[in-house]
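Quick notes on the structure that follows.
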Amino acid sequence: MKLIDTHNRTHNYLRISLTDKCNLNCTYCNPSGNSFYGIQNSALLSNEELLRLIKIFVVDFEFTKIRLTGGEPLARNNILDLLESIGKLKSTNPFELGITTNGTFLLDKLESLKGLGLDKLNISLDTLDRLKYKSITGADKIDEVFSSIHKAITLSFSPIKINTVIMKGVNDDEIIEMVTFAIEKNLNIRFIEFMPFQSNGWNDDNYINYEEIKKIVEKKYRLIPIHSHPSEVAKSYAIKGNGGTVSFISSISNHFCGDCNRLRITADGKLKLCLFSPKKNEISLKSLLRSAKYNDADIANVISDSILNKKLKHPEIDELLKLESNNMLQIGG
Ligand code: SAM
């Protein structure tokens, strides 16, 4: 049965935050500098609970895409065991499996990830400059990220997407350089608009919208639109005469709620209908998974009832700035 909301949007894409822990403290994501928000391991969904949920979404609701994120998903204990189990489920019920990672724990796991059937690899990298990387993330780990990207290329992961959040006065001077990097390595570079979250310093002065970013790219490169499915959040372009592709994710200036096909599970096991929906509207699937009263069919019923409350679009920017309870580590972007 497909999961359709009251705005006639079919949902088929689940993003799961595997942990709120991250080894980086990116200024725009984890501004408090806490490496994690304190969810104990026992409060995270276990591998078995995650598998139960993935099975419900894939088998009962015909989801075709699952993305693992975090925090840093590769910082989760026994991540390869989890991926092995997900891979087994995938072999009988095919779906596309992706991961979004900061790339710092990736190098020695790439071969396993390839073998376990990971389809899509997104690596976050906001700068090519070591010192700037350190000032954005708080860690001197850019070499680990570059090594991971190079190895992923040699292992023929395709596509490899590089997620880059552009902040005016921080890394907007590297936009063309980042595109050149993508061309040289035949990657998809995705420029993401800086989004406001709890005390992450977002303001009109450091926000730059995707049209401005695109204009900067077009000073050097001619972009040719690539047509994609309406539910794709990225507007993607080929680069005339070159390899690699450029995408823009305009979450703020031109939101794509009308075609939203996504649901999210937070690190502490809550169903989130929208990236920006308030904490009070989250539905604890963990408590259902841990209650003897609920079997998988009951949990599926709760999910299909919940989706009827999904709003047509997320609040406008003025409202978003007032939201207090969201943080990206738990939600996973
Ligand atoms: N640790 C992993 C990583 O770094 O890719 C996965 C989690 S991270 C929250 C997922 C994505 O969200 C990253 O690509 C990150 O750049 C993006 N992100 C985090 N905070 C953001 C913000 N305020 N605005 C836009 N994108 C953001």
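The values are calculated or read from the model by the stated rules, or taken from the named source; none is laboratory data. A quick note: this is a predicted structure, and the numbers were derived from the prediction, not measured. Neighbour counts run over all protein chains shown; Cβ positions are idealised from the backbone, glycine included. The area values use the complete protein model at the heavy-atom level, side chains included, leaving out ligands, DNA and RNA. Shrake-Rupley method; radii C 1.70, N 1.55, O 1.52, S 1.80 Å.
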Quiz item: Against the longest principal axis of the chain, how steep is helix 175-185, in degrees 0 to 90 to the nearest 10, with axes from Cα atoms?
Solution: 80 degrees
Quiz prompt | Set of aspartates and glutamates with alpha-carbon distance to residue 109 below 17 Å, sequence-local pairs under 8 removed | solution = 72, 81, 84, 119, 143, 144
Self-check item: Solvent-accessible area per residue, Å², over the range 3-331 with all protein chains present [probe radius 1.4 Å]
Solution: 43 Å²
Quiz prompt | Nearest-ten-degree value, helix 142-154 long axis tilted from longest Cα axis of the chain | solution = 80 degrees
Quiz item: Among 247, 277, 228, which one moves the most in a GNM of the chain with springs linking Cα atoms closer than 10 Å?
Solution: 228
Practice problem: Would you check the accessible area of residue 84, probe 1.4 Å, heavy atoms only, in square angstrom rounded to 10? | Solution: 90 Å²
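Could you work out how much longer the chain between residue 211 and residue 240 gets when fully extended? Use 0.36 nm per residue separation minus the Cα distance between them, nm to one decimal.
On the way: separation 29, 0.36 × 29 = 10.44 nm, distance 1.86 nm.
This chain segment gains 8.6 nm when fully extended.
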Self-check item: Three-way shape label, the range 124-247, alpha-carbon gyration tensor, a/c 1.5
Solution: oblate
Quiz item: With springs only between Cα atoms under 10 Å, which of 253, 231, 91 fluctuates most in a Gaussian network model of the chain?
Solution: 91
Quiz item: Of the accessible area of the chain, with the probe set at 1.4 angstrom, what percent is carbon plus sulfur?
Solution: 50 percent
Practice problem: Give the calculated FRET efficiency between residue 203 and residue 279 to the nearest 0.05, with a Förster radius of 22 Å applied to their Cβ-Cβ distance. | Solution: 0.40
Exercise. List, in the order given, every pair from 235/286; 161/280; 132/220; 21/310 whose Cα-Cα distance in the structure shown is over 26 Å.
Key: 235/286; 161/280; 21/310
Quiz item: Tell me, what is the FRET efficiency for residue 129 and residue 295 to the nearest 0.05, using R0 = 56 angstrom and their Cβ-Cβ distance as r?
Solution: 0.60
Exercise. Determine the distance separating the Cα centre of the range 66-108 from the Cα centre of the range 190-207; give it in Å without decimals.
Key: 27 Å
Quiz item: If you take the beta carbon distance between residue 311 and residue 64 as r and set R0 to 22 Å, what does 1/(1 + (r/R0)^6) give as a FRET efficiency, to the nearest 0.05?
Solution: 0.40
Exercise. Have a look at 66, 224, 249 and tell me which one the Gaussian network model of the chain (Cα, springs below 10 Å) gives the largest fluctuation.
Key: 224
Quiz prompt | Accessible area (Å², 1.4 Å probe, nearest 10) - residue 129 | solution = 70 Å²
Self-check item: Span from the the range 110-144 Cα centroid across to the the range 234-307 one, whole angstrom
Solution: 23 Å
Practice problem: With 10 Å bins from zero, work out the P(r) of the chain over every alpha carbon pair and list the percent per bin. | Solution: 5, 26, 36, 25, 6, 0, 0
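In deg cm²/dmol, rounded to 500, what helix-only [θ] at 222 nm does the chain give when every DSSP H run of at least 4 residues adds -39500 (n - 2.57) and the total is split over its residues? Before the final figure, lay out the partial values.
Details: 11 runs with 96 residues, N = 333.
The helix-only estimate for the chain comes to -8000 deg cm²/dmol at 222 nm.
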Quiz item: With every protein chain left in place, what is the accessible area of residue 147 in Å² (1.4 Å probe, nearest 10)?
Solution: 50 Å²
Practice problem: Report the antiparallel proportion of the DSSP beta bridges in the chain as a percent, rounded to a multiple of 5. | Solution: 35 percent
Quiz item: Among 240, 215, 270, what's the order by accessible area (1.4 angstrom probe), most exposed first?
Solution: 215, 240, 270
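Shape call for the range 237-333 from the C-alpha gyration tensor, a ≥ b ≥ c root eigenvalues: rounded (a/c under 1.5), prolate (a/b greater than b/c) or oblate?
Working: a/c = 2.37, a/b = 1.77, b/c = 1.34.
Prolate shape, in that a/c is at least 1.5 and a/b is the bigger ratio.
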Exercise. Could you state the angle between the C-alpha long axis of helix 79-92 and the longest principal axis of the C-alpha atoms of the chain, as a value from 0 to 90 degrees rounded to the nearest 10?
Key: 70 degrees
Quiz item: Does the range 128-195 come out rounded, prolate or oblate, given a ≥ b ≥ c as the square roots of the eigenvalues of its C-alpha gyration tensor, rounded meaning a/c under 1.5 and, failing that, prolate meaning a/b above b/c?
Solution: oblate
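Could you give the length gained by full extension between residue 232 and residue 155, i.e. 0.36 nm per residue of separation minus their alpha carbon distance, to one decimal place? Don't jump to the answer; show the numbers that get you there.
Details: separation 77, 0.36 × 77 = 27.72 nm, distance 2.58 nm.
Length difference between fully extended and current span is 25.1 nm.
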